[in-house]
Amino acid sequence: MKAHILCTLVILITLPVFGQVEKIRNLQQSLPLIKDSMQYVDVVNRISLLFYEQNADSTLYYGLRAREIAFRLHYAKGLADATNNLGVVFDIKGNVQLALRYYNDAYNEYTILGDSSNIVQTLMNIATVYGISGKDQKALSNFGRALSLGSRISHDSITALVIYNYILSFPQKFSDSKKKELTEKASQIATKYRDARLKLAIQQLQADNLIANNEREKGMQLLESTLASALNMQLYYLSMDLLLDLGDNYFANEPDKALRFYTQALRLAEEKSYRMYAKDICKKLYDIYLSKGDTQTAFIYSQRLLKLYEEQAEIDKVSGIDYIEYAVKDQQLISQQVAADYNTKMLWLAIAVCFLTILSIIFLWRNWKLTGKTNEVLTMQFRQLESTTEALESSNQNYARLIKMVAHDLRNPIGGIHSLSALLKEGDLPPDTASEFIHLIYESSNGCLKLIGDLLQTDFDFKESELQKEEFNLSRFLQQAITLLTFKANEKNQQLILEDSVQTMITADPDKLLRVLNNLIVNAIKFSPDGEVIEVNTEQSSNGVVISVKDNGLGIPKSYAAKLFDPFTPSKRKGTAGEQPFGLGLYISKQIVDAHRGRIWFESEEGKGTTFFVFLPEEKSFVTETTNVRDKVSGS
């Protein structure tokens, strides 16, 4: 649950909520009439803040405008307020790194000014960002500092907001009596300042307290009435937590009603571009439908979640460029100011030279010191920009790599589903065969869902700790894998033959091992001519089992062997029917086999075919045998 840090800048917020849009319009119309430059900056900053519930892009526009003018005027208060508004923008957009950067800058600027109220609210904003990032200790430390300082200042409206966010973010840190005491104090403050937003927020805490103290019906009624008021006032960001709170409280006893609140929250999050909320809700709905066995609906939400991650990657990329643009723009303003100061001083120096040489020498010495400090600052900021750019490039490469991995690993099971579905559609299959095909389709689609779940939760490398091992019959497992790919082999009039000489039970992760076999068999199909035979064989060794996949295809050039198992290997070529290579299949296979503490290698003669071997050790053996590993051209 994300706390509401956005009722910020203790200006605060006594105008009626329904008059917010009218207030923005009046302030915009007043701008051309303002003659005082600093007053102009204050009005622009106020417009920026008032826009956050309606249009975050407008908050960004006016925040940047106020920041530029304040910097030019050396107006420290206006610069601090504008910097804080930029933190609000990136917080809403879900870019916690940039939000934290601007909140910290604003905190430092308010500290220099000695502005206690705004120091409290920036500490609170920093705490909520750390809470969202999972850094609870830092979040608690900043909340504690904010609450301690807030209790000592005369303008206590910000204290009520700190209490609200602190309890909402970490309710477990307070006893029931302490929560009741603090909530009542915050409610009195909200009433004192006639702050309608904060009053609704406090009502949510009061409702949660009622539910926790076995007054569920009364608490739920208060939650629903508070939500209706928030939506009626167009307080959409506040409404998000109310919707999620209602969904969580209804889920145990009235799951259908809870799902309605969750889906309403998701629609609102997508409409208002609250991306962090949207990701959390999609993940919640995915888990709910998966636990209910509704894999089709769960798959829909997993696709939406994947799309949100892809969109967030693009936003992070753009935000990274914005970060550089803003930093460069800030530096340009500093350079222009330094140049203007330098020219002024040089003018005075030229005049002073006519009267007193010693003053000229002193002035030049001071200017030299100033230039040296400026160069040090420029050098430090340039190094920071280089580091940020490298980190963003690495992040973008990882997202691209994830997308390609998903596409590659889903291609084979989806192809099998398509072929089986086509045969079922013809309608002339015996009941037993049709039932078997349906079972295979179910198993393959379930594997797709597990694959998507794995890729959303794990890194790019497979680790042994992530394997979900179980004991299963190797022969039956191999037969199922070959059945799913028989239809692909039929496209080239090829035969898949299982020469199974080992009847044994093995302990491994069946989903991961199926991906290895799919990659090896599809490679054999791809690089074998039409009408060839592809053999899958098993053999018992002294401390494990060896699975082999043999084809009579193109074979592997020796020049390709060195980098065969590399990710996105350059050692790739088209199949015998022009199939396109991807350079991922053998890399993924090796990662999975290594995670099982096994080995993968091959034997090949160019023009005569290739045999790939996978050795899986006995569960308690984990003996690593040495061999000269030669590589095969990756076509997957």
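The values are calculated or read from the model by the stated rules, or taken from the named source; none is laboratory data. Fair warning: this is a prediction, and the values are worked out from it, not measured in the lab. Here Cβ is always computed from backbone atoms with ideal geometry, including for glycine, and neighbour counts include all displayed protein chains.
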Open item on the list: For the structure I just gave you, tell me whether GLN234 is in contact with an Asp or Glu (Cβ under 9 Å, 6 or more places away or on another chain) and either at pLDDT 85 or above or acidic (Asp, Glu) (or both).
Closed with: no
TODO: Give the range 29-63 a look and list any residue that's under 22 Å from SER273 (Cβ atoms) and surrounded by fewer than 19 Cβ atoms within 10 Å (Cβ to Cβ), or say none.
DONE: GLN54, ASN55, ASP57, SER58, TYR61
Task: helices (runs of 4 or more DSSP H) wholly inside the range 139-230 that include at least 3 residues being without any contact (Cβ under 8 Å) to a residue 12 or more places away in the chain and not basic (Lys, Arg) - done: 176-192
Task: Hey, LEU290 touching a residue at least 24 places away in the same chain (Cβ under 8 Å), under 23 Å from ASP208 (Cβ atoms) and not aromatic (Phe, Trp, Tyr) or not - done: no
Task: Output for the range 25-46, where each listed residue is hydrophobic (A, V, I, L, M, F, W, C), out of contact with any Lys or Arg (no Cβ under 9 Å at 6 or more places or on another chain) and within 21 Å of THR83 (Cβ to Cβ) - done: LEU31, VAL43
Open item on the list: So, TYR250, is that one out of contact with any strand residue (DSSP E or B) (no Cβ under 6 Å at 6 or more places or on another chain) and either of a type in the set (S, T, N, Q) or under 30 Å from GLY150 (Cα atoms) (or both) or not?
Closed with: no
Open item on the list: Against the definition (crowded, with 16+ Cβ neighbours inside 10 Å and either among the aromatic types (Phe, Trp, Tyr) or without any contact (Cβ under 8 Å) to a residue 40 or more places away in the chain (or both)), how does LEU235 come out, yes or no?
Closed with: no
Open item on the list: Exactly one of these conditions fails for PRO431: (1) within 30 Å of the chain's Cα centre (by Cα); (2) modelled with pLDDT under 80. Give me its number.
Closed with: (1)
Open item on the list: Take ILE315 and tell me if it is modelled with pLDDT of 90 or more and either β-branched (Val, Ile, Thr) or touching a Cys at 6+ places or on another chain (Cβ under 6 Å) (or both).
Closed with: no
Task: Residue check for PHE612: surrounded by 14 or more Cβ atoms within 10 Å (Cβ to Cβ), touching an Asp or Glu at 6+ places or on another chain (Cβ under 8 Å) and at pLDDT 85 or above - done: no
